[in-house]
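Undergrad: Provided herewith is a single structure, encoded as structure tokens, for subsequent inquiry.
Throughout, read-outs are computed from the coordinates displayed, never taken from laboratory work. What you see is a predicted model; the values in this text were computed from it and never measured. Ideal geometry is used to build each Cβ from the backbone, glycine not excepted, and the neighbour counts take in all protein chains shown.
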Amino acid sequence: MRIICYTNLSTSPAYLDSSKVSNQNNQIDLDLYYLIGNFMANSIRVDTIDLGFLNSGNYSLGAYAYSYLTEHPNFNSDTAYINFKVARDNVGIQEEINFQNLKLYPNPTSNLLNFTLKDNSKAINLEILDVTGKIRKAAQFSNQNSGEFKNSIDIYELKNGIYFCRFSNGKNEVVKKFIKE
């Protein structure tokens, strides 16, 4: 996670000399050290600080800005506090086991991709997606045997690479990876 810091300093020129981030028990301390010049003029700084990966939860952030002149060891400081929440949603293609005994074979394959799937739905939809999530092929299959789908799809025209099969019956969905040679 990154945070953007807007800092208004009363002297210029100024730059972020160093920063330190510490995170303990969802309390994040951010120390910002600005080296400032000798001119008395407002200087607005915009800096991006990397806080690292944050798990889901509630956080408190204390931002401590210190400014100093190279000739003077004395520091001026200012502090700001915020509370925020990090929420994580599942993104991307997720492999879930909602259907029973889904099998893709052969894998890798070059022409036909076979599948068997136990499900009591009347029909299932199959979408083949590339690694960017773009649908490259789609088909619908009817339940031939009571509770089981057994069929194949021609993938000859697909370029070699990694693909995903997304099966759905309107209520459940499952995604499986396969390789086209």
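Undergrad: Output the relative contact order of segment 119-167, whole-number percent, from Cα pairs under 8 angstrom with separation of 6+ residues. Please report the intermediate quantities before stating the final value.
TA: On the way: 69 pairs, mean separation 22.5, N = 49.
Value for segment 119-167: 46 percent.
Undergrad: At a Förster distance of 45 Å, what's the computed FRET efficiency of S110 paired with L54, Cβ-Cβ distance as r, to 0.05?
TA: Values: r = 44 Å, r/R0 = 0.97.
Efficiency, from the Cβ-Cβ distance: 0.55.
Undergrad: Another question about this same structure. Rounded if a/c is under 1.5, else prolate if a/b beats b/c, else oblate: with a ≥ b ≥ c from the C-alpha gyration tensor eigenvalues square-rooted, which is segment 100-180? Let's see the in-between values first.
TA: Working: a/c = 2.02, a/b = 1.59, b/c = 1.27.
Cα axes put segment 100-180 in the prolate bin.
Undergrad: Something else now. Taking the mean number of other Cβ atoms within 10 Å as a proxy for protection, how do you rank 109-117, 150-158 from highest to lowest? Let's see the in-between values first.
TA: Values: 109-117: 16.7, 150-158: 13.2.
Ranking the peptides 109-117, 150-158 by packing returns 109-117, 150-158.
Undergrad: I would also like to ask the following. Any idea how far apart K134 and I179 come out in nm if each label point goes 7 Å out from Cα toward Cβ?
TA: Label at K134, label at I179, 2.3 nm between them.
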